[in-house]
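S.K.: One structure is given below, represented as structure tokens, and several questions about it will come after.
The values are calculated or read from the model by the stated rules, or taken from the named source; none is laboratory data. Since the model is a prediction, treat every value here as computed from it, not as a measurement. Here the Cβ is made from the backbone with ideal geometry for all residues, glycine too, and neighbour counts use every protein chain on show.
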Amino acid sequence: MSFTATTTNSAGAWRPDISTFAAADVIGDAAILAASTVAGSIQGDQPVIRVAYIIDDDATLTPEGEEIDEGEPTLDEVAIQTAKVTQLLRVSREQWSQEGTSDQLSQSVRRALIKRADRLFIAEAGTGLIHTPDLVDGGTVTDDLDALIDLEAQLRENGATPGLFMLSPTTWAALRRLKTSDISNESLLGSGTDDAAPRILGVPVLVNNAVPAGEGLLIDRSAIASGVGEVEVASSDQQYFSSDSIAVRAVWRLGHAVVRPDRIGFFGVGDLGS
């Protein structure tokens, strides 16, 4: 009888255990999930996700009985190229077997993936949101919120529905220090919360340290298309066989593209001091 190699009769190195999880379930705090519209997922550095969108043509008024002018909407697309965020851990078998180790390591991996993914999405040179050409410049916030009011109005004029402020911790702190007057200690933002959720001008706030200090973004998430895959976690006791150690690998593939940059605004704060 001929021999057939299968996953049941092969050594562990040939069939490492792999688990996959929906990104929203295990790393729901990642900025890309809060600030973009997920269009799908893809595997590989070279393939891209092509997202179709339409640049509307204007409707017209036509007198009764006259010919209606033909509209010319632009059928366009944006291509999303993804990158793979990874982490590989090496843990001795003895440490791996200790109670609580695997759970604490999973939390550590989760934090590491989110931190690197946030930097890729927000601030990475060449790809991060803050480096996107043609964003709306909201100027600098100094003594009041007028610059943010004007920025929100401009985005709405451009057809946006602003749904998220994304701020660095220092930006959020500077905005919360704004006072109602020179002789008052009352914050212009009040306590800075609304139903336990931070808001500015009624818009939810996401504080993320991947945003450069003193800067902030006002985002319409429909203006950003993203590709987000599953989080894949694999372990093997063969990778480091000679040292009696366990290998734990985590992989997450993601990417984004800005469809309508004129629906995203950026701004700075003028004083980071107290």
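S.K.: If you scan segment 27-83, which residues turn out to be exposed (fewer than 12 other Cβ atoms within 10 Å of the Cβ), closer than 15 Å to Val259 by Cβ and hydroxyl-bearing (Ser, Thr, Tyr)?
M.R.: Thr74, the sole residue that qualifies.
S.K.: Something else about it: Of these, Gln81, Gln107, Gln95, which one is of a type in the set (S, T, N, Q) and in contact with a Ser or Thr (Cβ under 7 Å, 6 or more places away or on another chain)?
M.R.: Gln95
S.K.: Between Arg93, Arg176, Arg156, Arg110, which is under 18 Å from the mean Cα position of the chain (by Cα) and basic (Lys, Arg)?
M.R.: Of the residues listed, the single one that is under 18 Å from the mean Cα position of the chain (by Cα) and basic (Lys, Arg) is Arg110.
S.K.: Here is a check on your reading of the model: is Thr161 at pLDDT below 95 and either surrounded by fewer than 18 Cβ atoms within 10 Å (Cβ to Cβ) or not β-branched (Val, Ile, Thr) (or both)?
M.R.: Judged against the criteria, Thr161 is not a match.
S.K.: Return the pair list, or none, for Cβ contacts closer than 6 Å from residues in segment 240-251 that are more than 18 Å from Thr86 (Cβ to Cβ) to residues that are modelled with pLDDT of 90 or more, at least 6 apart or on different chains.
M.R.: From segment 240-251, the pairs are Ser245/Arg90; Ser245/Ser92.
S.K.: In segment 103-138, which residue that is of a type in the set (Asp, Glu) and surrounded by fewer than 14 Cβ atoms within 10 Å (Cβ to Cβ) is farthest from Met166 (Cα to Cα)?
M.R.: The extreme case among them is Asp103.
S.K.: Oh, and also: List the strands (runs of 3 or more DSSP E) inside segment 195-236, counting only whole elements, that have at least 1 residues being within 17 Å of Arg119 (Cβ to Cβ) and among the small types (Gly, Ala, Ser).
M.R.: By residue number, 215-219.
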